[in-house]
Amino acid sequence: MKKFIVVCIFGLITVRSFGQVDADSDNIVNNATELFNATKIVCSGLSDEISKVSNVSKINTAVTGVGTVAAGGALAVGMAKSSEEREIEALIDKICANGGCSAESVNAMSLEQFYTNVISPMAEIAELQNKLDHSKKLGNWRTGLMAGTIGTNLASAIISGVNANQSDLIQHIEACNKMIKSLSDMPAKLTSAGVSPLDNPIAKKINNVKTWCNQINVSDAQKIEKRMKGVMGTSIAGVVVGGIGTAASASSNSNKYMNAEQRIALTESEKQSVNNLNTTANIMSGVNVGTGLVETGLNISLITLTKKMIRQAEMCEEALQQ
């Protein structure tokens with residue numbers, strides 16, 4: 001009789017033990033399922049957020065590309081104008097070679113000298129004015145192109161400035177990563193509770209998520225923010241440079257320098273001034289080409305980075321939807 005009682009008690013303990021294991025495993029599976037669903041909610045929409053950043057970078061690349069072309073055009077036209085200006089100075093030197101442009105020299109000339117040194121060179125004044133007109137046309141083109149770079153750089157600065165703060169994306173990625181980390185700890189808990197990772201559906205899903213959702217890095221989102229700020233800073237510099245270049249180009253094209261009679265009468269200091277203005281305008285055009293290339297390079301690197309992140313986010317979201 002005693003032996004039977006012992007056997008019965010042992011059987012009851014065994015049944016109770018197995019029942020407890022089943023209850024524990026059910027709880028773990030339920031917890032894993034709830035955590036999986038919560039992770040799905042937290043990580044959803046990441047690819048869309050990153051896609052918005054990518055689209056901004058594509059738009060900005062087009063904008064800065066236009067600005068770079070305009071700056072290059074301004075530089076090319078400016079170099080043509082400088083070449084024209086050198087020919088103008090050579091022609092003025094020829095016209096004035098024998099004192100025909102100096103009032104004091106003219107007063108001291110004989111009639112014959114006046115004819116040779118003043119009247120004869122006057123035939124070349126028309127040629128001088130034609131060259132000045134051509135130079136002015138080139139100057140107007142350069143000024144217009146330089147003004148265009150101000151517009152594109154300003155647009156780029158606004159676009160990148162509005163999108164430079166990526167704190168929401170960073171926080172979203174951080175929150176998603178924390179949920180993935182918690183989810184990644186579940187397979188070990190399931191195994192310890194007697195749940196086979198190979199047989200249980202939620203365990204399979206979690207393993208799949210671990211494979212595809214551990215690649216999205218917060219550091220990549222921080223790189224986006226840093227590069228956006230880099231584009232904004234470079235664009236602002238381009239606005240300043242464009243403003244200086246446009247002002248210099250417009251000043252070098254004033255009537256004081258583009259009228260034959262007035263141009264001949266310029267002092268050496270005034271001649272140097274017009275040369276300096278043209279040089280400044282050309283230098284600023286060249287600098288704007290450089291800033292445009294930097295902006296374009298940063299935007300292209302952003303497109304490459306976001307393309308990688310979008311793919312990672314899409315694969316993660318796909319794993320969570322299974």
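None of the figures in this text is laboratory data; all of them are computed from the coordinates on show. None of these values were measured; they are calculated from a predicted model. Virtual Cβ from ideal backbone geometry, glycine too; neighbours counted across all protein chains shown.
For region 173-322, the relative contact order works out to 34 percent when only alpha carbon pairs closer than 8 Å and six or more residues apart are counted. Straight-line cross-link reach from residue 205 at under 18 Å between alpha-carbon atoms covers these aspartates and glutamates, not counting any fewer than eight positions away in the same chain: 26, 34, 185, 314, 317, 318. Sorting 254-265, 298-309, 40-51, 150-161 by average packing, meaning the other beta carbons within 10 Å per residue, from highest down gives 150-161, 298-309, 40-51, 254-265. For the pair residue 301 and residue 59 in one chain, pulling the backbone fully straight at 0.36 nm per residue adds 85.8 nm over the alpha carbon distance. The residue among 291, 259, 166 whose Cα reaches farthest toward the positive pole of the charge dipole of region 156-304, with charges on the beta-carbon of Lys, Arg, Asp and Glu, is 166. With Cα atoms defining each centre, region 193-244 and region 61-88 are spaced 40 Å apart in the structure. Calculated on C-alpha atoms, the gyration radius of region 148-227 divided by its Kirkwood radius gives an Rg/Rh of 1.31. The distance between label points at residue 254 and residue 196 comes to 9.2 nm (points 7 Å beyond Cα on the Cα→Cβ vector).
Sequence-ordered 3J(HN,Hα) estimates for region 233-248 from the Karplus curve with 6.51, -1.76 and 1.60 and θ = phi - 60° stand at x, 5, 5, 4, 4, x, 5, 5, 4, x, x, 5, x, 5, 4, 5 Hz, glycine and proline given as x. Cross-link pairs exceeding 23 Å in C-alpha to C-alpha distance, out of 58/81; 131/256; 229/308, comprise 58/81.
The order of the peptides 208-217, 62-71 by mean Cβ neighbours within 10 Å, most packed first, is 62-71, 208-217.
Between residue 48 and residue 261, the modelled labels are 7.2 nm apart [label points 7 Å from Cα along Cα→Cβ]. Roughly what % of Cα-Cα distances in region 235-322 sit above 23 Å, to the whole percent? Cα-Cα pairs of region 235-322 separated by over 23 Å account for 53 percent.
Remark: for residue pairs 52/189; 94/136; 181/204, the C-alpha separation exceeds 27 Å in 52/189.
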